[in-house]
1. Would you pick out the residues in segment B:61-109 that are among the polar types (S, T, N, Q) and within 14 Å of B:His24 (Cβ to Cβ)?
2. Give the residues of segment B:104-122 that are among the charged types (D, E, K, R) and either touching a residue at least 60 places away in the same chain (Cβ under 8 Å) or not in a helix (DSSP H, G or I) (or both), sorted by residue number.
3. Got a number for residues in segment B:19-77 being of a type in the set (Phe, Trp, Tyr), surrounded by 15 or more Cβ atoms within 10 Å (Cβ to Cβ) and within 11 Å of another protein chain (Cβ to nearest Cβ)?
4. Could you grab me the full set of residues in segment B:113-135 that are buried (at least 18 other Cβ atoms within 10 Å of the Cβ) and within 14 Å of another protein chain (Cβ to nearest Cβ)?
5. Among B:Lys22, B:Lys90, B:Lys118, B:Lys27, which is within 26 Å of B:Trp184 (Cβ to Cβ) and among the basic types (Lys, Arg)?
6. Assigned to a helix (DSSP H, G or I), closer than 16 Å to B:Leu20 by Cβ and more than 10 Å from the chain's Cα centre (by Cα), is that true of B:Leu137?
7. Would you confirm whether or not segment B:149-168 contains a residue that is away from chain A (no Cβ under 14 Å) and loosely packed, with under 14 Cβ neighbours inside 10 Å?
8. Are there any pairs with C-beta distances below 6 angstrom linking a residue in segment B:83-103 that is under 27 Å from B:Ser46 (Cβ atoms) to a residue that is polar (S, T, N, Q), with the two at least 6 apart or on different chains, and if so which?
Amino acid sequence: DDDQHVKDEL
Amino acid sequence: MNIFRLAGDMTHLASVLVLLLKIHTIKSCAGISLKTQELFAIVFASRYLDIFTDFISLYNTLMKLIFLGSSFSIVWYIRRHKLVRRSYDKDQDTFRHYFLLLPCFILALLINEKFTFKEVMWTFSLYLEAVAILPQLVLLQRTKNIDNLTGQYVFLLGAYRGLYILNWIYRYFTEPHYVHWIPWISGLVQTLLYADFFYYYFESWKNNKKLQLPA
């Protein structure tokens, strides 16, 4: 999922 | 995870620990804005809606639980704890923080990456976090004697945001398709709000004088 990867931040 | 991101998370964690230390051991929340703490609790509650649905890493889940747990317990302490409550500067902490919630929510409805419930709530949490420090900064300006722990708490919070910007710059150059305008711009606004505080914090540190913000 391309737009998911910023969600690994807090 | 890069070094800036880890350092940012650790500074954020340290800020929470400093605040808990002040509240739990000294039983004082003097100089701390309950309004800002309530906004932070709302920020984490709306951002971490994915905590039980999307597993990223054990680190990620643990940190989310820490930030959720600490923000709500800090609010509980200031509102409910017999001794801590007495030290709260209620008459100074007058920022109308509820007025920040609606504009942030409307902005999140209008400007988001995807119009879904979780995504809008996530975006709302970014906008709200950007301005959540305002009541605390106003309270600091009104406080005659800012104690060291309060100064360090706000400094660590600002440092955390600054390090996140370095993390985004690093990720932009090392990861493909890493462009996220919404967190970047709100993160930049959030960091800029600390600029004034940083200036006086370093001045007081350089001159070995007590921190005081001009009203």
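The values are calculated or read from the model by the stated rules, or taken from the named source; none is laboratory data. Since this is a predicted model, take the numbers as computed values, not measurements. Every residue, glycine as well, gets a Cβ built from its backbone with ideal geometry; the counts of neighbours run over all protein chains shown.
1. Just the residues of segment B:61-109 that are among the polar types (S, T, N, Q), to begin with: B:61, B:70-71, B:73, B:87, B:92, B:94.
Of everything in segment B:61-109, those that are among the polar types (S, T, N, Q) and within 14 Å of B:His24 (Cβ to Cβ) turn out to be B:Ser70, B:Ser73, B:Ser87.
2. We begin by selecting, within segment B:104-122, every residue among the charged types (D, E, K, R); these are B:113-114, B:118-119.
Across segment B:104-122, the qualifying residues are B:Glu113, B:Lys114, B:Lys118.
3. Here is the first cut: in segment B:19-77, the ones of a type in the set (Phe, Trp, Tyr) are B:40, B:44, B:48, B:52, B:55, B:59, B:67, B:72, B:76-77.
From the residues that got through so far, the ones that are surrounded by 15 or more Cβ atoms within 10 Å (Cβ to Cβ) too are B:40, B:44, B:48, B:67, B:72, B:77.
Now drop any that are not within 11 Å of another protein chain (Cβ to nearest Cβ), which leaves B:44, B:48, B:67.
Matching residues across segment B:19-77 total 3.
4. In the first step, residues of segment B:113-135 are kept if they are buried (at least 18 other Cβ atoms within 10 Å of the Cβ); the result is B:120-133, B:135.
Selection gives B:Val120, B:Met121, B:Trp122, B:Thr123, B:Ser125, B:Leu126, B:Glu129.
5. Values: B:Lys22 fails: within 26 Å of B:Trp184 (Cβ to Cβ); B:Lys90 fails: within 26 Å of B:Trp184 (Cβ to Cβ); B:Lys27 fails: within 26 Å of B:Trp184 (Cβ to Cβ).
So the residue among B:Lys22, B:Lys90, B:Lys118, B:Lys27 that is within 26 Å of B:Trp184 (Cβ to Cβ) and among the basic types (Lys, Arg) is B:Lys118.
6. Details: assigned to a helix (DSSP H, G or I): yes; closer than 16 Å to B:Leu20 by Cβ: no; more than 10 Å from the chain's Cα centre (by Cα): yes.
For B:Leu137, the condition - assigned to a helix (DSSP H, G or I), closer than 16 Å to B:Leu20 by Cβ and more than 10 Å from the chain's Cα centre (by Cα) - is not met.
7. To start, the set of residues in segment B:149-168 that are away from chain A (no Cβ under 14 Å) comprises B:149-156, B:158-159, B:162.
Okay, now just the ones that are also loosely packed, with under 14 Cβ neighbours inside 10 Å, so none.
Looking through segment B:149-168, none of the residues is away from chain A (no Cβ under 14 Å) and loosely packed, with under 14 Cβ neighbours inside 10 Å.
8. Cβ pairs passing all conditions: B:Asp93/B:Ser33.
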